Each structure stands twice: as structure tokens, then as C-alpha cells.
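Here's the structure we're looking at; comments come further down.
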Amino acid sequence: MNKKAIVLLSGGLDSILATKMMLEQGVDVVAVNFSAKLCMCGCKSTGESAAQAAARALKVPLETIDITKDFIEIVKNPAHGHGANINPCIDCKIYMLRHAKSLMEARGASFLVTGEVLGERPMSQRKDALNIIEKAAGVKGILLRPLTAKNLPLTKPETEGVIDREKLLDIKGRSRKPQMALAEKFGITKYPNPAGGCLLTDPGFTKRVKDAMSHGEFNEENLAMLSVGRYFRLRDNARLFVGRDEAENDILLSLASGDDIIFKMRDRQGPISVLRGNAGEEMIGLAARIAAYHTKFRNEALLAVNYWKSGSAEIKTVSIKPAAKEDIESSRI
């Protein structure tokens with residue numbers, strides 16, 4: 001074996017530490033990040049993903065691979081089931097490791113590294129789950145988990161002397177204190193909040209995904225919209241997205257396409273809203289009423305709301321009475 005490894009770098013603390021530990025042992029690291037547009041980690045000030053920020057800080061090359069299309073199918077039909085929400089963690093890890101393994105020869109790497117910790121995640125980091133993942137991905141013996149290695153059998157890089165096992169760790173369980181202490185030792189001060197990560201572990205987002213799946217709308221085109229703003233199911237074929245702040249308003253404007261209808265208050269401050277699906281007169285009126293409710297002028301008798309089709313310069317106006325709270329809660333997802 002040579003001393004070159006592909007490290008799966010999500011940009012979370014565990015993967016940052018695993019990468020740093022390899023660098024400390026003189027390993028030539030190639031970082032790979034699998035992106036599925038479902039991560040809550042990132043740096044708003046620079047626009048970088050968490051993985052990009054981590055790779056820059058660690059001074060390692062990063063290859064980002066978009067797996068969104070394949071990942072959507074994994075979410076729909078995971079062979080090993082979902083976690084507490086709609087997270088297919090075991091199947092996701094198998095997919096990423098298989099893909100990483102396929103890159104090894106071209107990148108000149110002889111083993112793989114992840115930041116997994118025994119017992120940290122209830123679905124995918126139990127000992128039996130780690131074994132299932134290794135076997136299904138075909139990476140048994142070439143997958144090193146530095147943070148928890150001493151809790152696991154020896155790997156090929158260790159037995160062949162490429163990696164010094166004595167410098168690996170035996171972290172296990174859900175406490176983050178050992179990782180935070182190690183980060184302090186390494187002088188690593190910037191890393192995402194542990195509460196971040198995959199949106200599929202978020203109960204609120206899970207409801208949105210399940211709603212989209214039940215209506216045949218969980219696809220690449222709709223995925224980005226699901227994570228933005230307030231979400232309302234108006235009819236089987238109509239959904240409304242309402243921005244919660246200026247940043248979300250900008251995102252909704254950028255994501256609106258095709259036959260989407262965009263709403264904005266004519267004379268007052270308020271959110272950007274996007275109606276996707278059935279855009280008949282009734283739906284436009286209902287969407288405008290819900291958009292108007294999400295302003296500080298919701299108690300006024302009549303408000304004017306502009307609306308236009310995405311990409312069109314023709315702006316129309318509808319005057320409506322803002323929706324009452326009880327009228328919208330039944331459609332909020």
C-alpha cells in the first residue's frame with residue numbers, strides 16, 4: 001500500500017478531525033465530498049459549502065461530486081430502510097463508499113478514510129451497521145475510521161505499517177466532548193454546529209419530503225424548493241412557498257421557473273411567495289391571501305398583491321383580504 005488516501009469530507013467536525021489525523025501521519029490526502037443538496041452546513045459569509053471551507057483550512061485538494069439524482073432514488077427506496085425520519089443513512093453511506101472506492105485507482109489512493117464514530121449515530125454507526133456498510137460497499141479492510149479505530153478490527157493500512165494504530169483513537173458514543181477537545185488540541189476553532197448536517201434527519205423537512213413523495217413531486221427539480229421558506233399544500237397539484245426573510249426571498253426568486261407564479265406585496269413590505277402547480281384564478285387568489293397573512297398588515301381589510309409568471313414582464317394585481325390563521329394552518333406542511 002502507498003500512503004495516499006481518499007477521505008470523505010463532509011465538512012463536519014468528525015470528518016475534519018479524521019482528515020487532520022491523516023495529515024499528522026504524513027498521509028497524502030485527497031478529499032471527496034458527495035453533495036446531494038440536502039446539507040444544512042455552510043458558510044453564509046463566503047458562500048462556501050462546509051466541505052469547501054474545511055478543505056481550504058486543512059489545505060487539502062477537494063473534489064465535489066453531485067449525487068443528487070441518484071440520492072433521490074435512494075431516499076425513495078432504501079434497501080436498509082429509513083432512520084427516525086426519512087434518512088436512509090446506511091444506504092447513503094454504502095453508495096458513497098462504493099463511489100469513493102471506484103475513484104481510488106485513478107487518484108492513486110490505496111485506502112479510504114471517514115470520520116465515523118462507533119455509536120454516535122443510532123442508525124448507521126452501530127457496530128453491526130458499520131459491518132453491513134463495509135461488506136455491501138466492498139471496502140472491508142481498506143476503510144479506516146481514525147476516530148474510533150481502536151474499537152474496531154485492524155485494517156490493511158494498519159497491518160502494513162502505512163498507519164500507526166497507536167496514534168488512532170477509541171472514541172465512541174454520542175458525546176461530542178472528545179472531538180471538541182481534539183479540535184482544541186489541533187487548533188481547529190471553526191467547524192459547523194453538530195446540529196447541522198443532512199436535512200433528512202430534520203422532522204420538519206421530513207414532512208415536506210413525504211408530502212412531495214405522496215404527490216409524485218420528489219425529484220431534482222423540486223428538491224431545492226422544499227428546503228426554503230414556509231411550505232403550503234393548497235391542492236393536490238398546487239404548492240405555495242413563502243419566504244421568511246430577505247435571504248429566502250432571494251432564493252425563491254432564483255428558484256422560480258417554468259410556469260411558477262411569483263407574488264409580492266404592491267405597496268407594503270412583505271415576503272416573496274412562489275406558487276408551483278395549478279395556477280388558476282382560485283389558486284392565485286388563495287396564494288395571495290396566504291402571502292398577505294405573512295405580513296404585519298394582516299389585519300387590514302384589503303391589500304394589493306402583485307403577481308407575475310416566472311420570466312414574464314407582465315405584472316398583474318389582485319386585491320384580497322388576508323387569510324385568517326385558522327384558514328391556513330390546515331394547508332401548512
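The values are calculated or read from the model by the stated rules, or taken from the named source; none is laboratory data. From a predicted model like this one, the values you see are computed outputs, not experimental measurements. Cβ placement follows ideal geometry from the backbone for every residue including glycine, while neighbour counts extend to all protein chains displayed. Just the protein is used for accessible areas: all its heavy atoms, side chains included, with ligands, DNA and RNA removed. Shrake-Rupley method; radii C 1.70, N 1.55, O 1.52, S 1.80 Å.
Note down the magnitude of the dipole of the chain about its Cα centre, charges +1 on Lys and Arg C-beta and -1 on Asp and Glu C-beta and zero elsewhere, to the nearest 20 debye. In total the dipole reaches around 700 debye. Which Cα, out of Phe205, Gly187, Ser175, lies furthest along the positive dipole direction of the range 154-211 (beta carbon charges, K/R +1, D/E -1)? In the range 154-211, that residue is Phe205. Helix 127-137 and the longest principal axis of the Cα set of the chain meet at an angle near 90°. Across the chain, the convex hull enclosing all Cα atoms gives 147 Å³ per residue. The angle separating the long axis of helix 246-255 from the principal Cα axis of greatest extent in the chain is about 90 degrees. Taken about its Cα centre, the range 224-307 carries a charge dipole of about 260 debye when Lys and Arg each add +1 at the Cβ and Asp and Glu each add -1 at the Cβ. Summarising the label geometry, the points placed 7 Å from Cα in the beta-carbon direction at Glu221 and Met1 lie 4.7 nm from one another. Per residue, the accessible area of the range 1-138 comes to 43 Å², computed with a 1.4 Å probe over protein heavy atoms only.
Using a probe of 1.4 Å, the accessible surface attributed to Ser35 totals some 40 Å² when neighbouring protein chains are kept in position. Could you check which residue among Ser214, Ser110, Ser49 shows the biggest mean-square fluctuation in a GNM of the chain with a 10 Å Cα cutoff? Sorting by GNM fluctuation, first place goes to Ser214. To put it simply, the accessible area of the chain at a 1.4 Å probe is 49 percent carbon and sulfur. Computed over the chain with a Gaussian network model linking Cα atoms closer than 10 Å, the most mobile of Leu168, Leu182, Leu226 is Leu182.
Kindly express, to the nearest 10 degrees and within the range 0 to 90, the angle between helix 177-186's C-alpha long axis and the longest C-alpha principal axis of the chain. Once rounded, the angle reads 70 degrees.
Projected onto their three principal axes, the Cα atoms of the range 1-124 cover extents of 39, 39, 29 Å, largest first. Charging the Cβ of each Asp and Glu at -1 and of each Lys and Arg at +1, and nothing else, the dipole of the range 1-160 about its Cα centre rounds to 60 debye. For the pair Arg107 and Lys190 in one chain, pulling the backbone fully straight at 0.36 nm per residue adds 27.0 nm over the alpha carbon distance.
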